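Single-structure report; data block below.
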């Protein structure tokens, strides 16, 4: 893929050729980012959806493909330090979601706040925008049932499609959707999709809506 420019990723990805997209997806798979296969849900075990958005939903993360890749790696590295497992994630140009299991949710959020601060300083320097507010605070939503867990996982993996970046989950490189489908199989994925529809996701659980 050609080196990126300051053009926003939300437009850049849509303009890529099929070959360029395949190259990005292949490189993401080769990095073998941390992930755990979906577990059998056990109540009260510290399953959380972690969400954060850029201030005013500006696509600051999506400044370039390199920035997206670097931030995804740093985000997962930070969460991995405090998590027993990472089940699903997606990073979009202006927000991210991670479904994880942790007994240190508050400490994780504190470290994510520090990561946001470091990234803000770096990115504002790169764009000569000192003083710009980049982030809203990260927030956690506890899973309340097995149904909540599976609906949340599907919601996370569907997010890039929901926001119009791609037509298929596995075509978005900044998530584990392709890995998840390879592991769980399309038949089971389709069954879970039918059993846990996300059309009204958040109506009962009130997660952050982005």
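The values are calculated or read from the model by the stated rules, or taken from the named source; none is laboratory data. All of these numbers come straight from a predicted model, not from anything done at the bench. No Cβ is skipped: glycine too gets one built from the backbone with ideal geometry, and neighbour counts run over all protein chains shown.
Using the structure shown, decide if residue 115 is touching a strand residue (DSSP E or B) at 6+ places or on another chain (Cβ under 9 Å) and closer than 20 Å to residue 174 by Cα.
Spelling it out, it is not the case that residue 115 is touching a strand residue (DSSP E or B) at 6+ places or on another chain (Cβ under 9 Å) and closer than 20 Å to residue 174 by Cα.
Of the residues making up the range 54-97, those that are part of a strand (DSSP E or B) and farther than 19 Å from residue 134 by Cα are 85, 86, 87, 88, 89.
Number of residues in the range 148-193 that are closer than 20 Å to residue 75 by Cα and part of a loop (DSSP other than H, G, I, E, B): the value is 4. Condition (residue is surrounded by 14 or more Cβ atoms within 10 Å (Cβ to Cβ) and more than 20 Å from residue 70 (Cα to Cα)) applied to the range 104-111: is it met by at least one residue? Yes: one or more hits. Residues in the range 77-92 that are surrounded by 20 or more Cβ atoms within 10 Å (Cβ to Cβ) and touching a strand residue (DSSP E or B) at 6+ places or on another chain (Cβ under 8 Å) were compared, and the one that is farthest from residue 120 (Cα to Cα) is 87. Tell me yes or no: at least one residue of the range 130-139 is at pLDDT below 95, assigned to a strand (DSSP E or B), in contact with a helix residue (DSSP H, G or I) (Cβ under 9 Å, 6 or more places away or on another chain) and under 25 Å from residue 102 (Cα atoms). Scanning the range 130-139 turns up at least one residue that is at pLDDT below 95, assigned to a strand (DSSP E or B), in contact with a helix residue (DSSP H, G or I) (Cβ under 9 Å, 6 or more places away or on another chain) and under 25 Å from residue 102 (Cα atoms).
For the range 132-152, the criterion of a residue being surrounded by 19 or more Cβ atoms within 10 Å (Cβ to Cβ) and without any contact (Cβ under 8 Å) to a residue 60 or more places away in the chain is satisfied by at least one position.
For residue 118, are the conditions met, namely being touching a helix residue (DSSP H, G or I) at 6+ places or on another chain (Cβ under 6 Å), without any contact (Cβ under 8 Å) to a residue 60 or more places away in the chain, over 13 Å from residue 50 (Cα atoms) and outside any strand (DSSP E or B)? So residue 118 fails the test.
For every residue, the table says whether it meets (1) buried (at least 19 other Cβ atoms within 10 Å of the Cβ); (2) more than 28 Å from residue 167 (Cα to Cα); (3) in contact with a helix residue (DSSP H, G or I) (Cβ under 7 Å, 6 or more places away or on another chain); (4) modelled with pLDDT under 95.
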site: 11; (1), (2), (3), (4): no, no, no, yes
site: 18; (1), (2), (3), (4): no, no, no, yes
site: 26; (1), (2), (3), (4): no, no, no, yes
site: 35; (1), (2), (3), (4): no, no, yes, yes
site: 43; (1), (2), (3), (4): no, yes, no, yes
site: 59; (1), (2), (3), (4): no, no, yes, no
site: 96; (1), (2), (3), (4): yes, no, yes, no
